[in-house]
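Encoded as structure tokens, the structure appears first; notes follow it.
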Amino acid sequence: MTDSAATPAPENPLPTGADVDEVVVLDFGGQYSQLIARRVRECGVFSELLPHHVGAEEVRRRKPKGIILSGGPASVYSPDAPPLDPELLNLGVPVLGICYGMQLLAKELGGRVESAEVGEYGRSQLTVTEHGTLLKDQPDEQPAWMSHRDTVYTPPEGAVALASSTSSPVAAFESKDRGLYGIQYHPEVVHTPYGQQTLQTFLRDICHCRLDWSAANIAEEQIRLIREQVGDGKVICGLSGGVDSSVAALLVHQAVGDQLTCVYVDHGLMRKNETEQVEKTFGEHFQVPLVVVDAKDRFLERLKGITEPEAKRKAIGGEFIRIFEEEALKLAVGAGAEVDGAEVKTYGQVDAAGGDTGAKFLVQGTLYSDVIESGGGTGAATIKSHHNVGGLPEDMTFELVEPLRALFKDEVRAVGNEIGLPERMVWRQPFPGPGLGIRIVGGEITQAKLDTLRECDAILQEEVRAAGLYRDLWQSFCVLPDIRTVGVQGDERTYGYVVAIRAVTSDDAMTADWARLPYDLLDRVAGRMVGEVREVNRVVLDITSKPPGTIEWE
């Protein structure tokens, strides 16, 4: 078990001074812990996910309106089971235990928790015998999603058993006088149809939260905070064209205007027209000072002869780091926008003054999921190679500006819509940093292969959008293996490339299912690729889920 003294709680990502109610979710290791925080936010209440061991004082400091104890894989009787700090129950705010969290509450308060002969996993039938406050206005019989072996057999003294399930004598209880509530099932998953109603009742009627928080309504607050942090200082941002860096850059620009300079490195591995879209959106439409580095030739030269996937990734990442580092250093000391061996275009007033007027701040599109996974994070730090701008030297010190560090990905999209980012960029599907370089599989990356893959991918994207399926897919793309096959076109023998179509559905990319694209869509895509791209004579469909496969081929 992790020592609380060794792992500090994440810094509060909630904007300082923001007048919103919040609920803390304590993570006891459950696979759905992060999802609980998301569901609370969907109800209109800001929520933070903290390690279970942060302690009552840290929770008190955040002044939450309520506390939720997550599920977890351990048995409450295991020697190394994550414990419950009993002081959390004396903070004067309601507490809701979910699954393992419910069992901890019951055990702490003198209820009977034992290991059942048969575990309860997956869909179960919930029978509500007393609705109480937590389950009010819900049907007596309802499905619910379970995942446990330990079971509460007797509720704590003074608590009322509200429901039972197929294998759980006490599947829900409440002690209204003490503000303590427990449910054995998982309300945060879609398989529990009344789960969101349960959470909303807890938040609104028990915690008395205002259900008025949304991702979009913090944009104005973030802009104010950025102005306070930056003052009249200069700011740089490594712009990728993805939604995270784009929204972060636009928020900063709306806060401090031309004090921001964005650097976009075109490595020649982007999809069709994406560089032009970034230039048009930021340099022309929003008039953000923008440095566009055309380094396509430099990357191709660096990638000559490399076919092994990890070697390609390292070569692409390393070259990107060097180019961004050159630009960042020159902007930081005001030396102007020049990169050896690459063409540079600038938009807007890119300040090239010397001396100490260079950039002092660095924008990062850090999300709340990054904060959770890192176990914390700071508001200002020396940039090291593990940060997402990609390996600036340790002696290159910037203060970080992270306007999205309180948000999940879907919430970032909401902010993007609110501040006017074009729909096409707001809903851009995830795209790997090495770009098309890792979608040319098994052979050397050449300009001809890139052009072929880019054209096929553009056809796929166009048809998927036309079919109204773009937002339904987590990712859709083409892969170009180093394979040629015999074909017949116009009564002539051809020897062309195979293109593989990859399309998946997912919530978080941890797992993914292959998308059941309509046959007529696949027919149109294949026909256009073979008909319009001379180098291609065969199209195949990847129907592998994750696991066992990965989403990308390399």
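Here is the figure for the stretch 437-478: residues that are touching a strand residue (DSSP E or B) at 6+ places or on another chain (Cβ under 8 Å) and part of a helix (DSSP H, G or I) total 11. For the stretch 180-196, the criterion of being open to solvent by 10 Å² or more (accessible area, probe 1.4 Å) and in a helix (DSSP H, G or I) is met by at least one residue.
Is there a residue in the stretch 108-131 that is touching a residue at least 12 places away in the same chain (Cβ under 8 Å) and part of a helix (DSSP H, G or I)? Checking the stretch 108-131: at least one residue is touching a residue at least 12 places away in the same chain (Cβ under 8 Å) and part of a helix (DSSP H, G or I). Per this entry, Thr485 is not counted among residues that are over 30 Å from the mean Cα position of the chain (by Cα) and buried (at least 16 other Cβ atoms within 10 Å of the Cβ).
Checked against the criterion of being closer than 23 Å to Ser33 by Cα, modelled with pLDDT of 90 or more and out of contact with any strand residue (DSSP E or B) (no Cβ under 6 Å at 6 or more places or on another chain), the candidates Thr198, Thr129, Thr133 yield just one match: Thr198.
Scanning the stretch 225-256 for residues that are part of a helix (DSSP H, G or I), open to solvent by 20 Å² or more (accessible area, probe 1.4 Å) and either under 19 Å from Leu290 (Cα atoms) or in contact (Cβ under 8 Å) with a residue 12 or more places away in the chain (or both) yields a count of 6. Annotation: of all residues in the stretch 102-120 being farther than 13 Å from Ala171 by Cβ and modelled with pLDDT under 75, the one that is most open to solvent (accessible area, probe 1.4 Å) is Glu117.
Assess whether Trp213 counts as being within 15 Å of Leu126 (Cα to Cα), open to solvent by 10 Å² or more (accessible area, probe 1.4 Å) and touching a helix residue (DSSP H, G or I) at 6+ places or on another chain (Cβ under 9 Å). No, not satisfied. When Val288 is tested against (1) in a loop (DSSP other than H, G, I, E, B); (2) of a type in the set (Val, Ile, Thr); (3) closer than 22 Å to Leu436 by Cβ, only condition (3) is not met. Name the single residue that is modelled with the lowest pLDDT among those in the stretch 397-443 being among the small types (Gly, Ala, Ser) and open to solvent by less than 10 Å² (accessible area, probe 1.4 Å). Per the stated criteria, the residue is Ala406. The strands (runs of 3 or more DSSP E) falling completely within the stretch 16-105 that include 3 or more residues that are within 15 Å of Leu203 (Cβ to Cβ) and β-branched (Val, Ile, Thr) map to 22-27.
Residues of the stretch 494-541 that are in contact (Cβ under 8 Å) with a residue 40 or more places away in the chain, open to solvent by 50 Å² or more (accessible area, probe 1.4 Å) and either more than 24 Å from Glu554 (Cα to Cα) or acidic (Asp, Glu) (or both): Tyr495, Pro518, Arg524, Arg528, Glu532, Glu535.
Total residues in the stretch 542-554 satisfying the condition of being among the aliphatic types (A, V, I, L, M) and either under 21 Å from the mean Cα position of the chain (by Cα) or open to solvent by less than 30 Å² (accessible area, probe 1.4 Å) (or both): the figure is 1.
The values are calculated or read from the model by the stated rules, or taken from the named source; none is laboratory data. None of the values given here were measured: they were computed from a predicted structure. Ideal geometry is used to build each Cβ from the backbone, glycine not excepted, and the neighbour counts take in all protein chains shown. Heads up: the accessible areas ignore ligands, DNA and RNA and are worked out on the full protein's heavy atoms, side chains in. Shrake-Rupley method; radii C 1.70, N 1.55, O 1.52, S 1.80 Å.
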